[in-house]
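The values are calculated or read from the model by the stated rules, or taken from the named source; none is laboratory data. All figures in this text were calculated on a predicted structure; none of them were measured in a lab. For neighbour counting, all protein chains shown are included, and Cβ atoms are generated from backbone atoms with ideal geometry for every residue, glycine included. The protein model used for the area step is the full one, side chains on, heavy atoms only, and it has no ligands, DNA or RNA in it. Shrake-Rupley method; radii C 1.70, N 1.55, O 1.52, S 1.80 Å.
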Amino acid sequence: MAQCPVNSCEICDNSIGRRFCMDCEQLFCKSCEISHLKTKSCVNHVFQDADKANPEVKTPICKQHGEKYTYYCNTCSSLTCNICLPTTHNKHDFCLIDAAASKTRSVLDTEVKVAEDRIRRAKEKVTSFRLNLKNFEDEVDNTKTDIAERVAVITKALNDTKDSYFKSIDEHKSKESSKMKDEINKIENTIAIENDIQSLNQMKSLIDGQNDIILLDLFSDFTKTLKELSLLDIFDKESTAKAKFFPAAAKSGTIEKLIGSIKLVEFSGAEVKPNIKVGDRVRVKSSVKKPTLGWGPGVSHKSIGTVVDIPSNTSGLIHIKFPSYSCWEGYINEMELV
């Protein structure tokens with residue numbers, strides 16, 4: 001079984017180096033650590049357990065002089081060694097590294113917590129958007145289903161109405177056609193049309209002719225024929241069956257009124273707030289016709305003010321000090337940096 005390498009104390013070489021000096025970047029045994037911390041120049045050195053420290057991560061040193069950094073220049077926002085300080089950073093605002101680091105840790109701690117909170121809220125927003133997306137897609141499917149079902153109901157009602165109309169028309173057609181056929185048969189059975197026409201032609205010929213004997217001989221037959229033809233007078237009144245359709249007037253929106261209407265709301269996306277902080281100089285965006293909370297005395301698009309407060313417990317409110325109005329209040333998304 002492989003063994004983890006055991007490093008010796010880099011000071012005495014006699015004991016196991018169980019402690020690591022973060023400043024000297026060396027391994028110490030417990031005895032050498034105590035002696036090291038008693039030295040005046042090393043009294044503030046920081047130690048860690050060797051198994052928790054990473055000796056391979058070296059602390060950067062001054063590239064110009066090869067010296068360890070001992071100070072932090074606030075003016076240049078950079079680390080400096082003992083040689084750089086009186087030359088390159090002469091008369092600058094500086095402090096010991098541990099003091100600068102302490103201040104930086106405090107600032108970073110706050111900023112990290114803010115960043116973590118932003119990440120948390122972003123994740124919550126993504127989760128919320130995913131849920132809203134799922135609900136929206138389900139709502140779309142349900143809406144389409146509702147429309148299809150409504151149209152199906154109306155289509156069935158229309159088809160039922162059509163079938164009812166067709167049935168009535170067919171029944172009317174059958175009944176009236178039968179009556180009209182009976183009427184035709186009646187007329188045709190009352191007279192023998194071809195024979196009667198021949199008789200009438202013969203009468204006309206004898207009336208115009210000179211043969212009185214034949215005229216008188218056939219007179220009784222002619223009288224009988226004329227009497228039969230007089231029966232046709234009962235059919236003078238003509239009656240015609242009808243079947244017509246009168247469409248309902250199609251008014252604007254009739255179909256929508258039958259089916260219903262739809263309402264579509266667009267997704268506006270997440271609101272992106274400007275990166276504005278306290279102390280920034282700002283003005284009202286030119287795209288904002290009028291601020292939601294009003295202009296206030298002497299404030300216009302040309303007015304430039306200083307942000308004095310951004311309350312964290314309000315929905316995007318911002319307090320600004322303008323030259324003409326020192327307690328102006330508005331919404332951060334209506335402002336822009338100058």
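Per-structure values
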item: Ellipticity estimate at 222 nm from DSSP helix runs (n ≥ 4, -39,500 (n - 2.57)) divided over the chain, nearest 500; result: -15500 deg cm²/dmol
item: Of the DSSP H helices in the chain, those whose Cα atoms cover at least 24 Å axially and whose Kyte score averages -1.0 or more; result: 97-190, 212-230
item: Exposed chymotrypsin sites (Phe, Trp or Tyr not before Pro) absent: longest stretch of the chain, with sites in DSSP loops and at most 12 other Cβ within 10 Å deemed exposed; result: 1-244
item: Angstrom value of the Kirkwood radius, inverse mean 1/r, which spans all Cα pairs in the chain; result: 34.4 Å
item: Net lengthening on full extension, Ser220/Lys290 (0.36 nm per residue, minus Cα-Cα); result: 13.9 nm
item: Chain lengthening between Leu258 and His92 when straightened (0.36 nm per residue, less Cα-Cα); result: 51.5 nm
item: Convex hull volume of the stretch 117-189 per residue (C-alpha atoms, cubic angstrom); result: 48 Å³
item: Percent accessible area from carbon and sulfur atoms, the stretch 51-185, protein chains only, probe 1.4 Å; result: 56 percent
item: GluC sites (Glu not before Pro), loop per DSSP, at most 10 other Cβ atoms within 10 Å - longest free stretch of the chain; result: 57-237
item: Computed E for Asn132/Ala241 - FRET, C-beta separation, R0 56 angstrom, nearest 0.05; result: 0.30
item: Cα centroid separation, the stretch 69-99 to the stretch 108-160 (Å); result: 56 Å
item: Rounded to the nearest 10 Å², the accessible area of Met180 at probe 1.4 Å; result: 90 Å²
item: Hydrodynamic radius of the stretch 7-74 per Kirkwood, over alpha carbon pairs, in Å; result: 12.8 Å
item: For the stretch 67-216, fraction of C-alpha pairs farther apart than 22 Å, in %; result: 79 percent
item: Rounded accessible area per residue of the chain, 1.4 Å, Å²; result: 79 Å²
item: Cα Rg, Dmax (largest Cα-Cα span) when computed across the stretch 38-106, Å; result: 13.7, 42
item: Pairs beyond 31 Å (Cα-Cα), from Lys204/Lys242; Lys156/Lys263; Lys167/Lys257; Lys179/Lys227; Lys277/Lys302; result: Lys204/Lys242
item: At most 14 other Cβ within 10 Å, DSSP loop - trypsin sites (Lys or Arg not before Pro), the stretch 39-109; result: Lys52, Lys58, Lys63, Lys91
